[in-house]
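The values are calculated or read from the model by the stated rules, or taken from the named source; none is laboratory data. Note that the structure is predicted; figures quoted are calculated from it, not measured. Virtual Cβ from ideal backbone geometry, glycine too; neighbours counted across all protein chains shown. When the accessible area is computed, the model is the full protein with side chains, heavy atoms only, and any ligands, DNA or RNA have been set aside. Shrake-Rupley method; radii C 1.70, N 1.55, O 1.52, S 1.80 Å.
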Amino acid sequence: FLEASLLLCKEHLPEEHLDLAEAGRKLSECCERLGDHRRALQLCQEALAIASRCLPGNHPNIAVYMSQLASCYRSTGEVDKAINIMQQCVGIQKQHLPTSRKALCTSLSNLGLYYSEKGRLHEAIGTLEECLVAQRSFLPQNHPDIGSTLWNLGLAYQRKKNVAKATELFQECLSVRENSLPATHPDVIDVLRTLARIEYNQEKYFESLQMCRRLHDSLTQTSQTEDLARVCHNMGMCCLELGQLDAAEEAFTESVRIKSALYPQGDTRIATSERMLHQLWQLKFGN
């Protein structure tokens, strides 16, 4: 349908008609979703060229084309070009506040991610923090978009080895997501898993155990049995470090039971939890 629409526009409209640009942009968007990134890029470049001849350079609709073109460049691995285009997009959108504030937040979020992908973490953090301030000026405080920005900021700080700041942001993200999404939502599970791992690596075993238990409660409501088995094993490790031997035994036993139903006998994933269970029994009962 979109191919036919573009052909009709080319047949019946002048070369510099905005409807022709929009038909090309929509087809580009479809190609992008289907994974035909090179075709999407070509179509979007052509659409932006037409739109630029039809509209003033700072028109908000030009920013729409630029945002899509940046996405196309990113998909083809040309992230530096994506950054350059998105910077121009943000510049246009800032000229049209407050009507463009939602689109501006989306562009700032994407620009922050592009910076992060290139390892430009200082710029990523600055852009994402700007996005967060803008979002909080008009969105409810528990809006999922705010949760996503907090998550991306946490990841950027984590990459900068600022674990304390990353942890703070992940905890804030968790609060937002738990108030806006069901406990079984993948975004909630991702934050719980990340916090559990960070706390364990920091030797904060009690805090890690608390996160693991919340993660366990969420996963038992899903079909993610492999993840549940891993969480049970991690709960056992935390309990072991805390000297809670009975709780550790219960967690390792559950992990072995789940893994035994998933994997063939002798699988190393089963053996890992079995080995911890045997070590625990030695601690409890001696040789």
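Quick look at the values:
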{"read-out": "Count of residues meeting criterion [loosely packed, with under 14 Cβ neighbours inside 10 Å and of a type in the set (D, E, K, R)] in the stretch 12-41", "value": "4"}
{"read-out": "Selection from the stretch 257-269 of residues that are exposed (fewer than 11 other Cβ atoms within 10 Å of the Cβ) and among the aliphatic types (A, V, I, L, M)", "value": "Ala261"}
{"read-out": "Subset tally (residues that are open to solvent by 70 Å² or more (accessible area, probe 1.4 Å) and either touching a residue at least 12 places away in the same chain (Cβ under 8 Å) or under 15 Å from Ala247 (Cα atoms) (or both)) for the stretch 270-285", "value": "5"}
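Each row is one residue, and each column tells you yes or no for (1) free of Cβ contacts under 8 Å to residues at least 40 places away in the same chain; (2) surrounded by fewer than 19 Cβ atoms within 10 Å (Cβ to Cβ).
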position: Leu48; (1), (2): yes, no
position: Cys54; (1), (2): yes, yes
position: Ile62; (1), (2): yes, no
position: Leu69; (1), (2): yes, no
position: Arg74; (1), (2): no, no
position: Lys81; (1), (2): yes, yes
position: Gln87; (1), (2): yes, yes
position: Leu108; (1), (2): yes, no
position: Lys118; (1), (2): yes, yes
